[in-house]
Amino acid sequence: MEVISDKPREAISVKTLKVCRLGGLILPLLVPAQALGFDIEARLDTAGKNASQVRLALSQVPEAERSGMRFLIDHMPEQDLRSLSADFLLEHVEYAYKAWRQSPWRDQVDESLFLNCVLPYASVNERRDAWRQDFYTRFTPLVRDVEFPGEAAAKLNNELFKELGVRYSRKRLKPDQSPYETIDSGLASCTGLSILLVDACRAVGIPARFVGTPLWSDGSGNHSWVEVWDNGWRFTGAAEPTGMALNRGWFVGRARRAERDNPRYAIYATSFRRTPIHFPMVWDRGNKSVSAVNVTDRYTSEESGTPEGHAVVRFRLVTGPAGERIAAPVKVMDDQGEQRFAGKTRDERFDGNDHLSTTLPVGGQFRAVFDFRRESITRAFDVVEDEQLITVTATSLGPIVAQLEAELARPIAKRRPIEELPFAATPLTAAQAAAAAKLLWADHQQKIQATRCDEMQAKEITLGEHSMRFAYSVYGEKPRGGRSLFISMHGGGGAPSEVNTRQWKNQQRLYMPEEGVYLAPRAPTDTWNLWHRPHVDALFARLIENLIVFEDVNADRVYLMGYSAGGDGAYQLAPRMADRWAAAAMMAGHPGDASPLNLRNIGFTLFMGGRDAAYDRNKRAAEWKKKLADLQAADPAGYRHLVTIYPNKGHWMDRQDASSVPWMAAVTRDPFPAKVVWRQDDVTHSRFYWLSVGDRPAKKGDTVVATLDGQSIDLDSKGCDEVTLLLNDEMLDLDRPVRVTSAGQVVFQGTVDRTLATIGRTLAERGDPRGVFSATVSVSLTPAVAPD
């Protein structure tokens, strides 16, 4: 999903322009081609199909700004030359000159500096957003009374991130985020934050450029920051202001040890003007489209702040498999028990390489005492000549959680499966189970981000022989608990591929929620039963799992909907995968052999035209209206539904069915309902809410009805002789005995252990943070008559 803000501009009639023919292309110009000052013919050839936009930008730019437009076209990366619109370029040029001319420091910024460090629309390979006018309007008032560009940059660094609600986080979607990607998510890496600050500075006329090193000389990682011009280049860490001062930052010590002639450890600044070297983008190593200058000497020539005979020692306190940093007080004691230093460790609000640090005498013996949750954690260390990092992992939840942390910290290829860990079956307390679930979920998210980013960017999922494309848009502000997800299935079926693809394109525009991710998948096949073939269930499951991670979707706010053949799918998939949905909506479809029994715990709404008589759709809708009413009358706590049949409508309901969206949005999934009705369809499932049949064979019509009341569970069955109950502390008290009955007989009574193996298995089955269980009990069932 991309959201690019762009402002349309008035077109200038080409009838008023002179025409120049170059290389077979007609170029409208206000001045002769030779006055452009660069090889326009070669650039137009490179632009290819976008050459008309380049010509239009050159023809419409005012004479006083022509040198700026020429500079951009001559030096921009080839992919931009082939894609950027004339409107995009004209707006950037217009507002760059406007900011430059109006800035109080205009006399300090000559044209060459302006062209290379104020005018450019991008820093590295980030998405090309049309931010210039917006940022000019937003940020000019912040620096209106400031006289010098360095002071203005420091003021922006102090204020704009708070104003935008943006902070550093390793949970950002990607490192090279564009300004609006960062603003929309509120999270960014040092790279994304630096891109945003550079653009904000340029928007108000401050010369600024993106700076970084591919790797610190101690091997601790890469870093990016910002340089601004104020009678010389000065630096600052983005979202890491040091008051109003520049040339300060936590990374100064490490920057001093950079190596100018070693490409791995040198420091580079970007240059829009082409240079002989490229900027090393470690997040996109093969990309050499951004020019650079080596600025290492300016950082290494600074005097060292480390006293002679001392070395830098850094401290961090972490938890979780990803090493999430915690803010906590720490004291450093020498071998005589005297306190030599005190401070507070950095948490995830700070750059990943920014740690609490001090200098201590080389050869000294010290103890670092961390204060964590009213407990003290002590780590002894000797000071060595090289800079060192003291890392302590915090847990007060016993050795099992600590051992799990250690296991998850290992490379994935060297890990053992969770169920094979020697402590996987060891009973856990409720707190330990909660901590283990949190650790495993964080690890699961990391694995999904590492392994499925490509399929999300390609917007295509492949499982086995089937692939499913999808398109989505995001609407509204993200709620505290995460976004909603609406999966909307298109019609068609039993038709040529191009027909079904047109239906898919139409479905992408059919509905618009006030909030949430609206996603239209393209059916994997073109058969008549587009949406209820067996492969669809797994593809949808993977799609939901991905969106939970990549778009922060709330697993309890996932909705299914479909029109025509998509409505057929809603009839089938809503009950078949009911434990995945909060609610579902069926529009103008046919139920086939679907049963509404499994809809007990979701909202289900049905829209039909009274004249939609093909395949008796209207009659079947009326039958379902009665079935749902009867089910709710017999079980008033379940089967929430709304059936609307428009008497005078045919297959197309003139968008009146769009009222289904707010109706569904009012429903939130209960992942642990007190009563579950599970009837197997022709596509069988091994798990439904808190019931499982594991690897045991199931067949269509097998039914289990489970009722939870306090510490007691009652089971009725038809065709199913054994079931596994999935339990957790949100459902009942696992420290107390559980009683299970079937057909009036007690089939289990006793306590059930929470184990790491169960947590890991149930999380891996679904990738659903709200579908994790810590305990299981398998019971044999006495056959009884369950509802048909």
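The values are calculated or read from the model by the stated rules, or taken from the named source; none is laboratory data. Quick caveat: nothing in here was measured; it's all calculated off a predicted structure. Cβ: placed from backbone, ideal geometry, glycine included. Neighbour counts: every protein chain shown. Protein only, heavy atoms only, side chains kept; ligands, DNA and RNA dropped before computing areas. Shrake-Rupley method; radii C 1.70, N 1.55, O 1.52, S 1.80 Å.
Brief remarks on what is shown
- Qualifying residue in region 136-157 (condition: buried (at least 22 other Cβ atoms within 10 Å of the Cβ), in a loop (DSSP other than H, G, I, E, B) and not hydrophobic (A, V, I, L, M, F, W, C)): no
- When region 547-561 is limited to residues that are of a type outside the set (A, V, I, L, M) and under 14 Å from LYS478 (Cα atoms), the one that is surrounded by the fewest Cβ atoms within 10 Å (Cβ to Cβ) turns out to be ASP552.
- Exclusive hit being under 18 Å from the mean Cα position of the chain (by Cα) and either open to solvent by 10 Å² or more (accessible area, probe 1.4 Å) or under 21 Å from ASP654 (Cα atoms) (or both), set ALA570, ALA520, ALA565, ALA541: ALA541
Yes or no, residue by residue, for (1) outside any strand (DSSP E or B); (2) within 30 Å of THR527 (Cα to Cα); (3) of a type in the set (Lys, Arg):
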| residue | (1), (2), (3) |
| --- | --- |
| ALA413 | yes, no, no |
| ALA436 | yes, no, no |
| LEU439 | yes, no, no |
| ASP454 | yes, yes, no |
| ARG469 | no, yes, yes |
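- Filtering region 657-682 to residues that are modelled with pLDDT under 95 and not charged (D, E, K, R) leaves nothing.
- For TRP225: the one exception among (1) touching a residue at least 40 places away in the same chain (Cβ under 8 Å); (2) at negative phi: (1)
- Residue among ASP537, ASP556 that alone is among the acidic types (Asp, Glu), more than 24 Å from ASP443 (Cβ to Cβ) and at pLDDT 95 or above: ASP537
- Residue-level analysis places PRO214 outside the set of residues that are over 23 Å from GLY482 (Cα atoms) and surrounded by fewer than 18 Cβ atoms within 10 Å (Cβ to Cβ).
- A count restricted to region 180-211 and to residues that are among the polar types (S, T, N, Q), crowded, with 24+ Cβ neighbours inside 10 Å and in contact with a Leu (Cβ under 7 Å, 6 or more places away or on another chain) stands at 1.
- Against the numbered list (1) over 20 Å from THR684 (Cβ atoms); (2) outside any strand (DSSP E or B), ASN554 comes up short only at (2).
Per-residue answers, yes or no, for (1) without any contact (Cβ under 8 Å) to a residue 40 or more places away in the chain; (2) open to solvent by less than 10 Å² (accessible area, probe 1.4 Å); (3) within 28 Å of THR429 (Cβ to Cβ):
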{"position": "MET664", "(1), (2), (3)": "no, yes, no"}
{"position": "ASP670", "(1), (2), (3)": "no, no, yes"}
{"position": "THR684", "(1), (2), (3)": "yes, no, no"}
{"position": "ASP695", "(1), (2), (3)": "yes, no, no"}
{"position": "VAL705", "(1), (2), (3)": "no, no, no"}
{"position": "GLN711", "(1), (2), (3)": "yes, no, yes"}
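- Residue count for region 154-210, restricted to those that are touching a Phe, Trp or Tyr at 6+ places or on another chain (Cβ under 8 Å), modelled with pLDDT under 95 and charged (D, E, K, R): 3
- Residues of region 324-338 classified as modelled with pLDDT under 85 and either open to solvent by less than 20 Å² (accessible area, probe 1.4 Å) or touching a Pro at 6+ places or on another chain (Cβ under 8 Å) (or both), total: 1
- Close pairs from region 610-638: first assigned to a helix (DSSP H, G or I), partner surrounded by fewer than 18 Cβ atoms within 10 Å (Cβ to Cβ) and hydrophobic (A, V, I, L, M, F, W, C), Cβ under 8 Å, at least 6 apart: ASN618/ILE645; LYS619/ALA613; ALA621/ILE645; ALA622/ILE645; LYS625/ILE645
- Of all residues making up region 238-286, the number that are open to solvent by less than 40 Å² (accessible area, probe 1.4 Å) and among the basic types (Lys, Arg): 1
- Check on ASP612, within 18 Å of ALA565 (Cα to Cα), at pLDDT below 95 and either touching a helix residue (DSSP H, G or I) at 6+ places or on another chain (Cβ under 7 Å) or not basic (Lys, Arg) (or both): no
- Criterion applied to GLU419, GLU460 was being open to solvent by 60 Å² or more (accessible area, probe 1.4 Å) and modelled with pLDDT of 95 or more, and the one residue passing it is GLU460.
- Only residues that are small (Gly, Ala, Ser) and open to solvent by 10 Å² or more (accessible area, probe 1.4 Å) were counted across region 110-122, and they come to 1.
- Residue check: ALA743 meets all listed conditions (1) touching a residue at least 40 places away in the same chain (Cβ under 8 Å); (2) among the hydrophobic types (A, V, I, L, M, F, W, C); (3) open to solvent by 60 Å² or more (accessible area, probe 1.4 Å) but one, namely (3).
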